[in-house]
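Have a look at the structure below, then the notes.
The values are calculated or read from the model by the stated rules, or taken from the named source; none is laboratory data. Not measured: the values here are computed from a predicted model. Neighbour counts run over all protein chains shown; Cβ positions are idealised from the backbone, glycine included. With ligands, DNA and RNA removed, areas are computed over all heavy atoms of the protein, side chains included. Shrake-Rupley method; radii C 1.70, N 1.55, O 1.52, S 1.80 Å.
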Amino acid sequence: MFMSSQAYHSALQLAEARDKFDAFCIPIVVIPCTISNNVPGTDFSLGADTALNEITDICDRIKQSATGTKRRIFVVETMGGYCGYLATMSGLAGGADAAYIYEEDFSVTQLRLVCVNKQEVCHFAINDCEVDRYKMLLFTQIDINENANSNYSTEFIHNLFSEEGKGVFTCRSNVLGHMQQGGVPSPFDRNYGTKMAAKAVDFIIQQVEMNIRPDGKFSPAQLYANKPESAALLGMMKRQLLFSPLTELKKIHKLQVMS
C-alpha cells in the first residue's frame, strides 16, 4: 500500500481481521507516502522531501518579492495536518523568524512579542535613516502549520500583525495550499522510492515462500500468512530501512484505528 496514515490504518484493520477472514491472511506491506511525514514507524515518508523543496522555493520567491518593499511581515501557512515537520523545516531553510506548530503550544503573548520586536527594529532603522542597510531585517517570514491552533489561525495572526503594525509595518498572508503537493520529485525521493519499492517486493516474495504449502504449489487458498511480522510497515529508522509489524506499532504509538 502506497499512501499516508490512511493506508496504515487500513492495513492494520486487515491484519487485525485475519482471525475472522482467511482471505486477509496474505503478506501486507505499507510504504508511507505523504508530505505530512506523520506516519508512525518511519522518520521520513515518501514525498516529504519534495514538498519541503517546493515550500522553500516558494518562500524564496516571496522573499525576493519582499526585497522591493520595506517593513513587511509575511505569514506563510503550510500543510502537514497535525504534524509540524513542513512548517519547522521550511522555516529553518527559508530563514523564518518563527514557526508555529501543533506540537508546541503558543500564546497570544508570544505573538505580541514578535510584533513588539519588529516595531523596535523598524523604528531603529527609520531613525537611523538607513533603511536599505536593514532591509533584510525588516523582512519577516513566519511559518504556521495549518492545524497549529484552532484559535490562533493564519487569519488571526495576519489580522493581529496588521492591526498592531499600523504605521510601522505591513503584513501579508500566504496560504500555499496544494502547490506543495506538486512539482518534480526531488532526487532524494526518487532514490528513496526505488529502494523502498525493491525492498517491499523482496519482503512479499519472502513471506510468500515462508507461508506457502510444503508442496510448493500456489493459490490463494494455499497461502496462509497470519503471523504479526507478515503485515508490516517499511520505514527509515536511523538511516536504515526496517520493517515494523503493524500490530507492534499500534502498541507503541497507541493509535486508534479509524472507525
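For residue 201, the conditions (1) surrounded by 12 or more Cβ atoms within 10 Å (Cβ to Cβ); (2) closer than 15 Å to residue 29 by Cβ; (3) out of contact with any Asp or Glu (no Cβ under 9 Å at 6 or more places or on another chain) are fulfilled apart from (1). The set of residues in segment 32-71 that are surrounded by fewer than 18 Cβ atoms within 10 Å (Cβ to Cβ) and either at positive phi or among the charged types (D, E, K, R) (or both) comprises 43, 57, 60, 61, 63, 70.
Kindly provide the set of residues from segment 222-253 that are open to solvent by 80 Å² or more (accessible area, probe 1.4 Å) and touching a residue at least 40 places away in the same chain (Cβ under 8 Å), ordered by number. Result: 224, 238, 252, 253.
For segment 208-216, the count of residues that are aliphatic (A, V, I, L, M), modelled with pLDDT of 90 or more, open to solvent by less than 70 Å² (accessible area, probe 1.4 Å) and within 24 Å of residue 29 (Cβ to Cβ) is zero. When the test is whether a residue is touching a Leu at 6+ places or on another chain (Cβ under 9 Å), closer than 19 Å to residue 243 by Cβ and either in a strand (DSSP E or B) or among the charged types (D, E, K, R) (or both), residue 29 passes it. For segment 72-93, the tally of residues that are open to solvent by less than 20 Å² (accessible area, probe 1.4 Å) and assigned to a helix (DSSP H, G or I) stands at 4. Going through segment 175-193 one residue at a time, which ones are open to solvent by less than 90 Å² (accessible area, probe 1.4 Å) and among the charged types (D, E, K, R)? 189 - this is the single residue of segment 175-193 that is open to solvent by less than 90 Å² (accessible area, probe 1.4 Å) and among the charged types (D, E, K, R).
Within segment 1-26, restricting attention to residues that are part of a helix (DSSP H, G or I) and aliphatic (A, V, I, L, M), which residue is modelled with the lowest pLDDT? Of everything passing the filter in segment 1-26, 7 is modelled with the lowest pLDDT.
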